[in-house]
Amino acid sequence: MEPKSIICEELAAGYKRGLPPVVKNVFFSVEKGSLTVLCGPNGSGKSTLLKALCSLLPLQGGTVTFNGKDMKSLSKSGLSSIVSFLPQQRPVPDCSVERLVLYGRFPHTSFPKSYGIEDREIAAQILSDCGLSSIALCNVRTLSGGQRQKVYLAMALAQDTPVIMLDEPLSFLDIAQQLEFMAMLKRLAHDGKTVLMVCHDLNIALTAADSLLVMEEGSLVFSGTPSKAVDSCILEKVFGVKVLPAVLPDGSKQYFFTAP
């Protein structure tokens, strides 16, 4: 049997040694080729958990495995060959779109670090797949927020990892850009990538995710399908809203939220 893509057991993590962990006793697993959304109120520990999973914060307890490999046994380059991470906030580099996407190939280059023909061909193909070829020579600083997000995702794809983690990738995107971005993530999962993202928009989380992780005050309080999250009333408890599902004429679901 193929191992789970991500297994997290008894994870605890925080920002300062000697202080209580921000997230604690977290258990969950993620299937390969799935889109999992991590949600919860502000300050519930979502970003902290994601950073710990990417080894950007030291674990204060517990274990994380990727495709059966213990994260603690992986070197920095070994982890970067498995996991790519898009943080919520990042500096905007003064370089071309093409150069930034090519930078995603850096973990695959050998000493001395330089990009080869294959790296450039892969970057060019990803630029095409993401609809970015026409702006490949544009400076990243001249792009709109939506264009930049697509470029950052393209950079992650150039890294060619089986696991992609994103912290609030829909921030500052308009509704059309959000739908386009989520469609891209769904295609990645369908193609076998494991996608784990933080998202504040409950409607998007419930309609797009294969599985849902819900956090509250540093603890994971739910792990399962969106429909089970709605049926369990955990969202009403955590967010203080009542979830009202509606079936559209095409059979798909949308969700409305009211005071309980």
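For this structure, a couple of remarks:
- Probe 1.4 Å, all protein chains present, accessible-area order of Glu168, Glu9, largest first: Glu9, Glu168
- Counting 0.36 nm for each residue step from Phe257 to Leu19 and taking away their Cα separation leaves a gain of 82.0 nm.
- Taking every alpha-carbon pair under 8 Å whose residues sit at least 6 apart, the chain reaches a relative contact order of 25 percent.
- Each label point was placed 7 Å from the Cα along the Cα-to-Cβ direction; for Ser219 and Ser77 their separation is 4.3 nm.
- For segment 49-201, with +1 on Lys and Arg beta carbons and -1 on Asp and Glu, the positive-most of His190, Gly116, Ile126 along the dipole: Gly116
- Contour excess over end-to-end distance, with Cα ends at Val241 and His200 and 0.36 nm allotted per residue: 13.4 nm
- Here the chain has 55 percent of its accessible surface on carbon and sulfur atoms, given a 1.4 Å probe and all protein chains in place.
- Whole-Å distance, taken between Cα centres, linking segment 185-221 and segment 13-78: 15 Å
- Note on Asn42/Arg141: beta-carbon distance plugged into 1/(1 + (r/R0)^6) with R0 of 25 Å gives a FRET efficiency of 0.30.
- Charged-residue dipole, Cβ positions (Lys, Arg, Asp, Glu), the chain about Cα centre, Debye nearest 20: 620 debye
- Using Cβ point charges alone (K and R +1, D and E -1), the dipole size of segment 143-198 about the Cα centre works out to roughly 100 debye.
- Heavy-atom accessible area ranking, 1.4 Å probe, most first, across Cys138, Cys54, Cys233: Cys233, Cys138, Cys54
- The solvent-accessible area of Arg141, taken with every protein chain present and a 1.4 Å probe, is close to 130 Å².
- Estimated at the nearest 10 Å², the accessible area of Ser80 is 30 Å² with a 1.4 Å probe.
- In range of the label at Glu31: residues from segment 164-191 whose backbone nitrogen is under 12 Å from the point 7 Å along Cα→Cβ: 190
- Between helix 145-159 and the chain: long-axis angle, C-alpha atoms, 0 to 90°, nearest 10: 70 degrees
- Inter-probe distance in nm under a simple model that places probes 7 Å from Cα toward Cβ, at Thr63 and Ala124: 4.5 nm
The values are calculated or read from the model by the stated rules, or taken from the named source; none is laboratory data. Values in this document were obtained by computation on a predicted structure and should not be read as measured data. Please note: Cβ atoms are built from the backbone with ideal geometry, for glycine as well, and neighbour counts cover all protein chains shown. The accessibility values were calculated without ligands, DNA or RNA, using every heavy atom of the protein model including side chains. Shrake-Rupley method; radii C 1.70, N 1.55, O 1.52, S 1.80 Å.
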